[in-house]
Amino acid sequence: MTYQLHVCPTGKAFDITYVRLKFHTSRPESFAIYKRTREDGPWIPYQYYSGSCENTYSKANRGFIRTGGDEQQALCTDEFSDISPLTGGNVAFSTLEGRPSAYNFDNSPVLQEWVTATDIRVTLNRLNTFGDEVFNDPKVLKSYYYAISDFAVGGRCKCNGHASECVKNEFDKLVCNCKHNTYGVDCEKCLPFFNDRPWRRATAESASECLPCDCNGRSQECYFDPELYRSTGHGGHCTNCQGNTDGAHCERCRENFFR
């Protein structure tokens, strides 16, 4: 018997730190945690639990992870699949446990993507029994069922380090209260006119603020120019220069204009 429990935190992307379940009955013999990163996106395996990992999920029991792309791989363990305790058993999944780059999370785009989720789903695939269900006694069959007394998901709003809180916008949707001259649902963009360097995620070492373009006071419009950034270290390319000026920084007079 398979049962699915679906949790949608708020429709906003979160950095998930843990998923914890407490069972009123014995824990299932096989169950799995899934995530997705957008409302209409595919369900991605997060963690498998089973007393028969290979047969049920085609995964090795208690496998290991190598640095790199493997760090986005769901593992399987038989750790929480025993029928005991008959009540009150906990299951705790830490999204970064066993991931080699966890110590360097700020510099690991792979793990930053791994912890991102908008929705969490738990699929209960197989009950734990004492083996007496083979007799098909209705009373015995009715004595086995799934019951979860608590389901907790720990995380924080995904704001790429550029906000300390999320707030409701005018459409009653949760968005980051962005700082560092950034904006967007996840603070994933630089504000207009703050394009002097490429957007970066903030870390514990650096706020990675978006910096204003240098237009010498002659424009309030610019875009990020990667070629200009590579050659000069400043990527803000000004547009609509005023006062008959021209140039990436409005730094010279237009042709046939002098002073």
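Points to keep in mind about this one:
- When segment 156-166 is filtered for residues that are surrounded by 14 or more Cβ atoms within 10 Å (Cβ to Cβ) and either of a type in the set (A, V, I, L, M) or on the phi < 0 side of the Ramachandran plot (or both), the ones remaining, listed by number, are 156, 157, 158, 159, 162, 163, 166.
- In segment 190-203 there is no residue that is modelled with pLDDT under 95, surrounded by 17 or more Cβ atoms within 10 Å (Cβ to Cβ) and either farther than 23 Å from residue 112 by Cβ or of a type in the set (A, V, I, L, M) (or both).
- Subset of segment 12-41 that is in a loop (DSSP other than H, G, I, E, B), touching a strand residue (DSSP E or B) at 6+ places or on another chain (Cβ under 6 Å) and not polar (S, T, N, Q) - its residue that is nearest to residue 124 (Cα to Cα): 28
- Matching residues in segment 220-241 - criterion: being more than 38 Å from the chain's Cα centre (by Cα) and surrounded by fewer than 14 Cβ atoms within 10 Å (Cβ to Cβ): 240
- Residue among 49, 57 that is touching a residue at least 24 places away in the same chain (Cβ under 8 Å), more than 24 Å from residue 161 (Cα to Cα), out of contact with any Lys or Arg (no Cβ under 9 Å at 6 or more places or on another chain) and not polar (S, T, N, Q): 57
- Yes/no for residue 99 being in contact (Cβ under 8 Å) with a residue 60 or more places away in the chain and of a type in the set (Lys, Arg): no
- Here residue 218 passes the criteria (1) outside any loop (DSSP other than H, G, I, E, B); (2) farther than 17 Å from residue 189 by Cα except the one numbered (1).
- Screening residue 102 on (1) at pLDDT below 95; (2) under 15 Å from residue 23 (Cβ atoms); (3) not basic (Lys, Arg) shows it passes everything except condition (2).
- Filtered residue count, segment 221-253, keeping only those that are assigned to a helix (DSSP H, G or I) and touching a residue at least 24 places away in the same chain (Cβ under 8 Å): 2
- Residue match in segment 34-41 (condition: farther than 14 Å from residue 93 by Cβ, at pLDDT 90 or above and among the polar types (S, T, N, Q)): yes
- Looking only at segment 42-88, and only at residues there that are aliphatic (A, V, I, L, M) and within 23 Å of residue 108 (Cα to Cα), the one that is modelled with the lowest pLDDT: 65
- Any chance residue 169 is touching a Ser or Thr at 6+ places or on another chain (Cβ under 8 Å) and surrounded by fewer than 17 Cβ atoms within 10 Å (Cβ to Cβ): no
The values are calculated or read from the model by the stated rules, or taken from the named source; none is laboratory data. All figures in this text were calculated on a predicted structure; none of them were measured in a lab. When we count neighbours, we look across all protein chains shown, and the Cβ atoms used for this are built from the backbone with ideal geometry, even at glycine.
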